[in-house]
Amino acid sequence: MLEELKKKVYEANMLLPKYGLVTFTWGNVSGIDREKGLFVIKPSGVPYGDLKPEDMVVMDLSGKKVEGRYNPSTDTPTHTYLYNHFSEIGGIVHTHSPHATAYAQAGLDIECMGTTHADYFYGPVPCVRNLTKEEIAEDYEGNTGKSIVEEFERRNISHVYVPGCVCKNHGPFTWGTDPGNAVYNAKVLEEVAKMNIYTKILNPAAAPTPDYMVDKHFERKHGPNAYYGQKA
């Protein structure tokens, strides 16, 4: 079942150690087939070197396992909630990449300090609040997804234009059009977080990028008159 999607999700998961986004088993990637209402996700706690495409776990959008010999990632309820509420996304990534996680632990948004950020995230990447003790006891992973959606709605942030966040005291989540694109966004997020930390070390008073420059860089890649790259 969903053998092609399993292969894509497997390959996307294998990019996490390749790009230095995970240590040990600290991360996961999923991808969804919207027509079938099913998604595929990495199994829980299996070392990346031991994974094979057939090890990926198939889930439905109610959180029920449909196929797979392993238990799915413990973050599966977060992925499930995001797929149910962010209808445009086709893949999700969670890591504990160090620089983005530093922002999560500091409880800070990742501000747009330069054009690298502006090319991919249209404005600050939000830091989502801590869950309450009751929310953690009730449904930790599910409520993590709920808190992400609520933060984007509360702050009127487009999850299409800002394809990621950091969860306070936890780590980053990113998403994209497919599993590979979600990993791409995870790597960009880690790199801009690292750049910001270095920037603030060099100049603690450094200001965010002016809005007009953010507009220019984001729209030349993603706007209706985008001109970055080659035309087919």
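The values are calculated or read from the model by the stated rules, or taken from the named source; none is laboratory data. Small disclaimer: the values here were computed from a predicted structure and weren't measured. Every residue, glycine as well, gets a Cβ built from its backbone with ideal geometry; the counts of neighbours run over all protein chains shown. Side chains are part of the model used for accessible areas, which takes the heavy atoms of the whole protein and leaves out ligands, DNA and RNA. Shrake-Rupley method; radii C 1.70, N 1.55, O 1.52, S 1.80 Å.
A few comments on the model shown:
- Inter-part distance where the stretch 191-220 and the stretch 32-72 are each reduced to a Cα centre, Å: 37 Å
- Rg and Dmax of the stretch 122-186, based on Cα coordinates, read 12.1, 35 Å.
- Dipole-positive endmost among 47, 137, 193 within the chain (Cβ charges, Cα centre): 193
- Shape class of the stretch 179-232 from the alpha-carbon gyration tensor: oblate, with a/c at 1.5 or above and b/c at least as large as a/b.
- Our analysis of the stretch 1-114 gives Rg over Rh at 0.99, with the two radii drawn from alpha carbon positions and Rh computed by the Kirkwood formula.
- The relative contact order of the stretch 1-74 comes to 30 percent, based on Cα pairs under 8 Å that sit 6 or more residues apart.
- Cα-Cα over 30 Å, subset of 7/146; 8/65; 42/216; 36/146: 42/216
- Three principal axis extents of the stretch 59-164 based on alpha-carbon atoms, in descending order, are 44, 31, 27 Å.
- Listed residue pairs exceeding 26 Å between alpha carbons, taken from 18/194; 6/231; 168/194: 6/231
- Total formal charge among the other residues, if their Cβ is under 10 angstrom from that of residue 117, Lys/Arg +1 and Asp/Glu -1: -3
- Placing +1 on the Cβ of every Lys and Arg and -1 on the Cβ of every Asp and Glu, with no other charges, gives the stretch 24-65 a dipole of roughly 120 debye about its Cα centre.
- Relative contact order for the chain, counting Cα pairs under 8 Å that sit 6 or more residues apart, in percent: 22 percent
- Restricting the stretch 90-128 to chymotrypsin sites (Phe, Trp or Tyr not before Pro) in coil, as DSSP defines it, with at most 11 other Cβ within 10 Å: none
- Of the chymotrypsin sites (Phe, Trp or Tyr not before Pro) in the stretch 154-232, those whose Cβ has at most 11 other Cβ within 10 Å and which sit in DSSP loop: 227, 228
- Net charge dipole, the chain: roughly 420 debye, given to the nearest 20, about the Cα centre with Cβ charges of +1 for Lys and Arg and -1 for Asp and Glu.
- In terms of overall dimensions, the C-alpha atoms belonging to the chain reach 52, 51, 33 Å along their principal axes, ordered largest to smallest.
- Maximal additional length on extending the residue 140-residue 227 stretch stands at 27.1 nm, based on 0.36 nm per residue less the C-alpha distance.
- Solvent-accessible area per residue in the stretch 111-163 equals 50 Å², computed with a 1.4 angstrom probe and all protein chains kept.
- Loop sites in the stretch 1-97: trypsin sites (Lys or Arg not before Pro), DSSP, at most 16 other Cβ within 10 Å: 34, 36, 64, 69
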